[in-house]
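Step one of this worksheet: look at the structure below.
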Number of protein chains: 2
Amino acid sequence: MFDRDVYRARREGLRRGLGPGIALFLGNDESPMNYADNTYRFRQDSSFLYYFGLDTAGLVAIIDLDEGTETLYGPELTVEDFVWTGPLPSLGDRAALAGVERVMAPARLEEDLGRIRQAGRAVHFLPPYRPENKLKLLAWLGVPPDRASAEASVPFIRAVVEQRSVKSPEEIAEIEKAVDISVDMHLAALRLVRPGFTEARIAAAVHQVALAAGGDLSFPIIATVHGEVLHQHAQTETLTSGGMFLLDAGAETALHYAGDLSTTMPVDGRFTDRQKDVYRIALAAHETAKSALKPGAPHLDVHLAACRMIAEGLKGLGLMKGDLDEAVRRGAHALFFPCGEGHMMGLDVHDMEDLGEVYVGYEGRPKSTQFGLKSLRLARPLRPGFVVTVEPGIYFIPQLIDQWRAENRFPEHIDYDRVEAYKDFGGLRNEEDVLITGNGHRVLGRKKPLTVEEIEALVGKADA
Amino acid sequence: MFDRDVYRARREGLRRGLGPGIALFLGNDESPMNYADNTYRFRQDSSFLYYFGLDTAGLVAIIDLDEGTETLYGPELTVEDFVWTGPLPSLGDRAALAGVERVMAPARLEEDLGRIRQAGRAVHFLPPYRPENKLKLLAWLGVPPDRASAEASVPFIRAVVEQRSVKSPEEIAEIEKAVDISVDMHLAALRLVRPGFTEARIAAAVHQVALAAGGDLSFPIIATVHGEVLHQHAQTETLTSGGMFLLDAGAETALHYAGDLSTTMPVDGRFTDRQKDVYRIALAAHETAKSALKPGAPHLDVHLAACRMIAEGLKGLGLMKGDLDEAVRRGAHALFFPCGEGHMMGLDVHDMEDLGEVYVGYEGRPKSTQFGLKSLRLARPLRPGFVVTVEPGIYFIPQLIDQWRAENRFPEHIDYDRVEAYKDFGGLRNEEDVLITGNGHRVLGRKKPLTVEEIEALVGKADA
């Protein structure tokens, strides 16, 4: 945890940003895998972590925005519990670490919320993404589960987004720690990759680095010979000579701040000429996007600059054609780059995604519905203290190519006959994590291999 | 998956064992970590896997027990989904792998269940342990979430327990595969353990072995210098010379069958004399329990035989005293062994724990309320095809010792002055997985180091 004053100041800031009533923070419970007591590793809710820092299951906190009182509800453990869990500090001692003075047994919560509602006071809550928290809102506030997101408090969402978007120095240090571990994860993969190894074996080595550093993954590893599948989480293939291997993986520190990096590497240590051509286009888009990151720049423009570079490069290969301004405006490039160029990162790898991308990335305005652009999570102007990823990529997705060709989409911008020859190419991207500074940006963490030469110098160099 | 005939035969067996009505199988959904789309690795419900084998999220199946028809409800993916997930077989093709002929869109389910209930037919469901499935039962059948376990079908539970308790040859082969991987996990830890390494580093290496084999863990790793804490899942300590390190970890295969082993090792490669004394008592209890495993033997007796060996050994050290039959009957030994000697293992590491230990381990009869004995998961007579763990241990839990001493519990059986000197000892156990055969038992998997000499020969022998 950070010092208690950090959490106190955050809560004080929230109170200033939010009107009267009650702010209700639902901590997460343990998540059962295949029975109640066999659980996934516990992951606390990120907003709960941000305001209270307490990283155990079954906690709920309330801030009385009018009176300024704060109450933590949670279980106390008995000696018989200690047999299974080991000794734990009392709830009061844990609350004190977050600067919270009042603690209550969970049984008191329903009663207290009932009294608050009876007094006609507003109860602000955030959109629940966990089913156990939908059950709590139903039991405590009578919120129907299918209405829980719609009934969440927009002022609460906006106030949290406002605070969490701008990272403080201690958060930046923690994120940088996560990125450094993530770099080690990617170096481990680069050195291990070779024909005949399985995706699972490399993913396992990558995961080990994150665990050994005392944290875990910030999201399920993508470790795949099918880079064109954007969220390929199965690891069932074997690496073969001539192919590429894409790793998208990041660490989460013990304090739950995220790193998120991607690297594409040739399985046998040397990119083919065709791979190099496409790789260098993606890298040019990457550098273009990165150099556009500065305060005031709308992230939509950063994204479009990357799209434009990809379109230009693919025109150079004869895969795209015509007026490229027009092509990018209409979304023709999205056949090869159907997703966003980057997203916010912090306590969540897609930071605050549970609060709604419209609030996090679009200042409350609606997102585009255009294929490709609708997957951009962040369009708003950047501010100092934002941490974002940079990750343009180029993907040849056979099913998508077939569909577009059958529908004859953008024939003036896409040469389908030439694209046909790339249907077995796969996909590639690089990804770095970047802090927006007062006058520009700073790439976070230790340097990660990016160029063809830097990548090739490392692939397969580890003993098996 | 196994062959479709395996699943067909299991469902046919279930139909014979269960009366009229509808059997409703709720598959699991993805479990969100910190927002809806950042999920833990998917874990299908084990009974769903047992009867249908299909390992993707969002599936529900219904067996009409009267007509014999079977229907799988689940989503179909579009080309736009393939951009993110890669191409997947159609729902119909996946259902066919399980021998199921009818598939429906999820939207049809509520309608179909409504018609079934209107006809006054029984809808059997199993106790839900996942909050998302409590929400489904509320939405589809009007079952209040806090009543969902109570309203689960006892005939359905009994019929499933009857089938899943006895492992078939293909299941035993899969469990043995899991145990073999688990042995490799323990060998990795043994070779790596040394002073100065962190628990997290060793746990990471252990986890890597499970992942590289194409599966994952069957439960969160216990990798601790505090063996006396039975379910210590935090890995924040550093190993120190003179201490012991306890690993309780098992693999889950790609088909989700479990292994579950424990090993206790001296951090610097040599047990102290005091550690050896206690280790050998626990090992004697382990061998006593193992040799008692055979068809017809009540597992309660196996447990009590282990308790008796522990009590005898501790009497030899002067920690226990008096009439040991009486001590074990009254539960005095539970100060040092407050849990059960073993449990069923299969698709779940505590097999079928979600269905209720009373049905799985006690044939529907109530469990003991005595401290220690109440934590025994399996008491019923063993049958050929059962797979059980053997894991007696000896633990010195300071808080428990203090409490018992303050309450002066069993002064005729415990010499608290002598126990005081062991309060810094920690705890230890070994654990193996055993199949009950037609006339005895067989330890599953490759041989795992057990004796003091076997353990000492391996500790710290790996390059770092």
Taking amide H positions as placed in the peptide plane 1.01 Å from N, state which residues far from B:Leu261 in sequence (5 or more) or on other chains have amide H under 5 Å from it.
B:Ala249, B:Gly250
Stokes-Einstein diffusion coefficient for the stretch B:4-165 at 10 °C in a medium of 1.306 mPa s, Rh from the Kirkwood formula over Cα pairs: what value in µm²/s?
97
If labels are modelled 7 Å from Cα along the Cβ direction, A:Glu326 lies from its partners in the other copies at nm distances, smallest first, of 10.0
Under the Karplus relation 6.51 cos²θ - 1.76 cosθ + 1.60, θ = phi - 60°, what is the ordered set of whole-Hz ³J(HN,Hα) values for the stretch A:212-223, x standing for Gly and Pro?
5, 7, x, x, 7, 7, 8, 6, x, 4, 9, 9
Residues A:Glu170 and A:Ala457, FRET efficiency given R0 of 45 Å [Cβ-Cβ distance, rounded to 0.05]
0.80
In square angstrom and rounded to 100, what buried accessible area do you get between chains B and A, total over both, with the probe at 1.4 Å?
5100
Report the relative contact order of chain A, percent, no decimals, based on alpha-carbon pairs under 8 angstrom and at least 6 residues apart.
15
With both partners inside the stretch B:4-165, how many of the DSSP beta bridges are antiparallel, as a percent to the nearest 5?
65
So what's the angle, to the nearest 10 degrees on a 0 to 90 scale, between helix B:169-192 and the longest Cα principal axis of chain B?
40
Express in nm, to one decimal, how much length is gained between A:Leu77 and A:Thr236 on full extension, taking 0.36 nm for each residue of separation and deducting their alpha carbon distance.
53.0 nm
Using amide H atoms built in the peptide plane, which far-off residues or other-chain residues are under 5 Å from B:Asn38 H to H?
B:Met33
Identify, among B:Leu109, A:Ala311, B:Leu211, the residue whose Cα sits farthest towards the positive end of the charge dipole of the protein assembly as shown, taking +1 on the Cβ of Lys and Arg and -1 on the Cβ of Asp and Glu, with the dipole about the Cα centre.
B:Leu109
Tail beyond 22 Å, pair distance distribution of the stretch B:169-456 (Cα, percent)
56
Integer Hz, Karplus 6.51/-1.76/1.60 couplings in order for the stretch A:311-328, x for Gly and Pro
4, 4, x, 6, 5, x, 8, x, 8, 10, 7, x, 6, 6, 4, 4, 4, 6
FRET efficiency for A:Asp37 and A:Glu412, using Cβ-Cβ distance with R0 set to 51 Å, rounded to 0.05
0.25
Isotropically averaged projected area of the stretch A:73-180, using the convex hull of Cα atoms (one quarter of hull area), nm²
10.1
Over the stretch A:4-165, what is the relative contact order in whole percent, taking alpha-carbon pairs under 8 Å and six or more residues apart?
25
To the nearest 20 Debye, how big is the dipole of the stretch B:169-456 about its Cα centre, given +1 on the beta carbon of each Lys and Arg and -1 on that of each Asp and Glu?
500
In Å², rounded to a whole number, the accessible area per residue of the stretch B:169-456 with probe 1.4 Å is 33
Volume in Å³ per residue [convex hull over Cα atoms, computed for the stretch A:173-241]:
84
Given a cut-off of 26 Å, name the pairs among A:Lys315/A:Lys447; A:Lys136/B:Lys367; A:Lys167/A:Lys367; B:Lys294/B:Lys447 whose C-alpha atoms lie farther apart than that in the structure shown.
A:Lys315/A:Lys447; A:Lys136/B:Lys367
With bins 10 Å wide starting at 0, give me the P(r) of the protein assembly as shown over every alpha carbon pair, in whole percents.
2, 11, 19, 23, 22, 15, 6, 1, 0, 0
Run the simple label-point estimate for A:Asp424 and B:Leu450 please: 7 Å along Cα→C-beta, distance reported in nm.
5.4
Just report the Cα centroid separation between the stretch A:434-464 and the stretch B:122-171, whole Å.
50
For B:Arg102, what residues show an amide H to amide H distance below 5 Å, using hydrogens built from the backbone and excluding near sequence neighbours?
B:Glu70, B:Leu72
To the nearest 0.05, the calculated FRET efficiency linking B:Asp301 and A:Ala254 through their beta-carbon distance, R0 being 56 Å, is 0.80
Could you pull out the trypsin sites (Lys or Arg not before Pro) across the stretch B:248-349 that fall in loop regions by DSSP (anything but H, G, I, E, B) with no more than 10 other Cβ atoms inside 10 Å?
none
Debye equation applied to the C-alpha atoms of the stretch B:274-397, log10 I(q)/I(0) at 0.17, 0.21 Å⁻¹:
-0.83, -1.19
Starting from a label point 7 Å past Cα on the Cβ side, list the distances from A:Gly142 to the same position in the other copies, nm, shortest first.
1.9
Which loop trypsin sites (Lys or Arg not before Pro) in the stretch B:366-395, with loop taken from DSSP, have no more than 16 other Cβ atoms within 10 angstrom of their Cβ?
B:Lys367
Restricting the stretch B:38-115 to GluC sites (Glu not before Pro) in coil, as DSSP defines it, with at most 16 other Cβ within 10 Å:
B:Glu67, B:Glu76, B:Glu101
Mind putting a number on the dipole of the stretch B:169-214 about its Cα centre? Charges go on the C-beta only, +1 for Lys and Arg and -1 for Asp and Glu, and I need it in Debye to the nearest 20.
480
Sorted shortest first, the nm distances from the A:Asp66 label point (7 Å along Cα→Cβ) to its counterparts in the other copies are 5.8
Residue by residue through the stretch A:401-411, which ³J(HN,Hα) values in whole Hz follow from phi under the Karplus form 6.51 cos²θ - 1.76 cosθ + 1.60 (θ = phi - 60°), with glycine and proline marked x?
4, 4, 5, 4, 4, 4, 8, 6, 7, 6, x
Can you tell me the 0 to 90 degree angle between the C-alpha axis of helix A:4-17 and the longest principal axis of chain A, rounded to 10?
90
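The values are calculated or read from the model by the stated rules, or taken from the named source; none is laboratory data. What you see is a predicted model, and the numbers here were worked out from it, not measured in a lab. A quick note on method: Cβ atoms are made from the backbone with ideal geometry, for glycine too, and the neighbour counts reach across all protein chains shown. Ligands, DNA and RNA are excluded from the accessible area calculation, which covers all protein heavy atoms including side chains. Shrake-Rupley method; radii C 1.70, N 1.55, O 1.52, S 1.80 Å.
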